[in-house]
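Heads up, the thing below is written out as structure tokens.
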Amino acid sequence: MFSRTNGQGLSLAAALASLAVGGVAAASTINQNTSWTIDRANTTAKYRVVAYGDSIFAGYNGALWSVAKRAAPVVEGEYLSKDFNADIEVVRRTKSGAKADDIYNNKIIAERSYMQATNTRVVMFEMCGNDYLQARSAFTDQTGTCSYAGLDTALSNCTYYTEQAMKAINTYATTAKAKIVMNIYYPGFSADNVLTNCTDSATGTRINKRAKFLPYLAKSNWRTCNLAATYGFQCADSFAEYMAADYDSNGDGLIDREAIRYQPGETEAAYVTRITSTYASTLRDSNGKLLSSASSADYLQSDDTHPTYFGGTVGTGSGSGVPTFTDSQIVNGQFPEWNRNGHDRAGWLMSTMDPTTP
């Protein structure tokens, strides 16, 4: 990790990490932009994937000027390189620590030229994580009577800027054949299973933090996926992929992750009930993603927030390299690492939404 300090002698890396885990210091944001070209042998065509977002798509790993090379957008680009038999340039325009309005205004709008390139074929984005992390941190610090205004604002802003982002991408990414939005998983799911320091105004008692936050997150994810259907986007349901088992743990005949997945046409109220009540007992912390009844994988780094990844890091800026895996290693459309870490899981999920041809 780099250790440059700000004017107060505080490590910027530490300040950013603090924000990512839930701090409220809005100034602790940093651009982490990369362009990585997957250089496939014996090819001449090159197409572009553009990813806008915060530290998730950045591939944040605790450093300021280096990120995970194979963050989800690059993983998706590697799949696309095979499908297109072409070089794929993955452009990540990201700002770690940024809230939804910042990503919309200063990335999607201000840096729209990246998706306007005529060789752009896929545009993806994610946002809102920092809105909720900061709202959760402020809520956690409350004493006296609980105020839910901050949580309400986070939900409202997320809904608004997600829709604006889709409208903008539809306007500017005229050559994109796939447009994808990724919803948000729940970092700190286990850690939040505690009582608040404040008391509810109606009952006069302390409330369970997770029980309060989960409905907000469910509403947000339903709105994200519902807006995707409205504006011609694919919705990558990371909540389903990260938060429930890949097998039927409760014997109801449904694989757990499929039981909680967003269903087109379902009402918001029905979805929230499904997540917070019907299948609440099947939800699991992403640090212990259940792959089967006998195996698990850790999808979150030690900060309990950012996805784990396979391989090394790259500096912010531009670079290129050969695909991580050979074509013969792809079985059933999946890399060997597809379910072993958080970024590979998200990248594989988005690859299932790719166009089949350039």
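The values are calculated or read from the model by the stated rules, or taken from the named source; none is laboratory data. All values reported here derive from a predicted model rather than from experimental measurement. With ideal geometry, Cβ positions are generated from the backbone for all residues, glycine too; neighbour counts draw on all protein chains shown. Please note that ligands, DNA and RNA were not included when accessible areas were found on the heavy atoms of the full protein model with its side chains. Shrake-Rupley method; radii C 1.70, N 1.55, O 1.52, S 1.80 Å.
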- Task: Select from the range 285-305 the residues that are out of contact with any Pro (no Cβ under 8 Å at 6 or more places or on another chain) and either at pLDDT below 95 or surrounded by 19 or more Cβ atoms within 10 Å (Cβ to Cβ) (or both) and list them in ascending order.
- Result: 285, 287, 289, 297
- Within the set of pairs 6 or more residues apart or between chains, which connect a residue that is free of Cβ contacts under 8 Å to residues at least 60 places away in the same chain inside the range 115-143 to a residue that is assigned to a strand (DSSP E or B) with Cβ atoms less than 6 Å apart? 142/198; 143/197; 143/198
- Any hit, the range 116-123, residues being in a helix (DSSP H, G or I) and crowded, with 24+ Cβ neighbours inside 10 Å: no
- Message: Out of 58, 72, I need the residue that is in contact with a Leu (Cβ under 9 Å, 6 or more places away or on another chain), of a type in the set (A, V, I, L, M, F, W, C) and buried (at least 24 other Cβ atoms within 10 Å of the Cβ). Which one?
- Response: 72
- Any hit, the range 177-197, residues being open to solvent by less than 50 Å² (accessible area, probe 1.4 Å), within 26 Å of residue 345 (Cα to Cα) and in contact with a Gly (Cβ under 7 Å, 6 or more places away or on another chain): yes
- Query: If you scan the range 306-334, which residues turn out to be outside any strand (DSSP E or B), open to solvent by less than 30 Å² (accessible area, probe 1.4 Å) and in contact with a strand residue (DSSP E or B) (Cβ under 9 Å, 6 or more places away or on another chain)?
  - Reply: 306, 308
- Query: Among all residue pairs at least 6 apart or on different chains, which show Cβ distances below 6 Å where the first residue, located in the range 267-293, is within 30 Å of residue 336 (Cβ to Cβ) and the second is open to solvent by 20 Å² or more (accessible area, probe 1.4 Å) and acidic (Asp, Glu)?
  - Reply: 287/298; 291/246
